[in-house]
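One structure is given below, encoded as structure tokens.
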Amino acid sequence: MNTPDSPPSPDRVVVVGAEAGPNVDPWSQIVRLEHGGDGSFAAIIREQVGRTPVAGLAKLEAQLLRALADPAVTAAGRDFLCSQLALVGSAAAVPVLGRLLAAEASADAARVALERIPGPEADAALLAGLSSLSGRARIGLVGSIGARRSPGARETLSRLAGDAGEHAEIRAIATRALALLRPASTGPAA
């Protein structure tokens, strides 16, 4: 039995936030997260993400994606969920994050998550995002593409770096990103 001084049992989570009542499921509430609001639900989910063993990551990722798909999710909730997908996301999260990447309002959160997710699917989603973003979001996207150091981005980064019609900051970031990539293969080593 849990008393006010004992921690909750591991199979039951009790939320104690300003908006929480006993036995409130943090997953049902995280979609209502607001910047500057009650962050207790986010703290509980963040702790779950940090404590989930590798064998449970796929299930956790699915929970994050279900919450992200909720039509009632707030901007703060979406940003938080994307930040957690950056920690545990896999190729399964890429289609959802790719759709979020296409919208200016959600591009940064999706980009940060995709930057951390391993695999060619995330590389492809980031490169595809270039066609839909402009301004600061596009600049951040080019930086994320460079940070991943994907050899498959060489052609796109070279095009951006050399395109006089591109914003000067994008050209500069693309040039720096190219420097991070391994040199193009010139044949077998001697």
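The values are calculated or read from the model by the stated rules, or taken from the named source; none is laboratory data. Note that the structure is predicted; figures quoted are calculated from it, not measured. Note: ideal-geometry Cβ built from the backbone for every residue, glycine included; neighbour counts use all protein chains shown.
Details
- The condition (being farther than 27 Å from Ile30 by Cα and of a type outside the set (Val, Ile, Thr)) is satisfied by just one residue among Ser106, Ser134, Ser90, Ser83: Ser134.
- For segment 49-58, the set of residues classified as surrounded by fewer than 16 Cβ atoms within 10 Å (Cβ to Cβ) and part of a helix (DSSP H, G or I) consists of Gly50, Arg51, Val54, Ala55, Gly56, Leu57, Ala58, listed by residue number.
- Count of segment 132-148 residues which are over 16 Å from Ser106 (Cβ atoms) and out of contact with any His (no Cβ under 9 Å at 6 or more places or on another chain): 6
Yes/no per residue for (1) charged (D, E, K, R); (2) modelled with pLDDT under 95; (3) within 30 Å of Leu127 (Cβ to Cβ):
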position: Ala18; (1), (2), (3): no, yes, no
position: Val24; (1), (2), (3): no, yes, no
position: Asp38; (1), (2), (3): yes, yes, no
position: Ser90; (1), (2), (3): no, no, yes
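- Qualifying residue in segment 56-66 (condition: within 11 Å of Leu114 (Cα to Cα) and hydrophobic (A, V, I, L, M, F, W, C)): no
- Screening Ala92 on (1) within 10 Å of the chain's Cα centre (by Cα); (2) farther than 20 Å from Val142 by Cα shows it passes everything except condition (1).
- When every residue of segment 142-153 is checked against the conditions, none turns out to be charged (D, E, K, R) and in contact with a Lys or Arg (Cβ under 7 Å, 6 or more places away or on another chain).
- Qualifying residue in segment 59-66 (condition: modelled with pLDDT under 95, farther than 24 Å from Ala128 by Cα and loosely packed, with under 13 Cβ neighbours inside 10 Å): no
- Members of segment 67-77 that are surrounded by fewer than 16 Cβ atoms within 10 Å (Cβ to Cβ) and of a type in the set (A, V, I, L, M): Ala69, Ala72, Ala75
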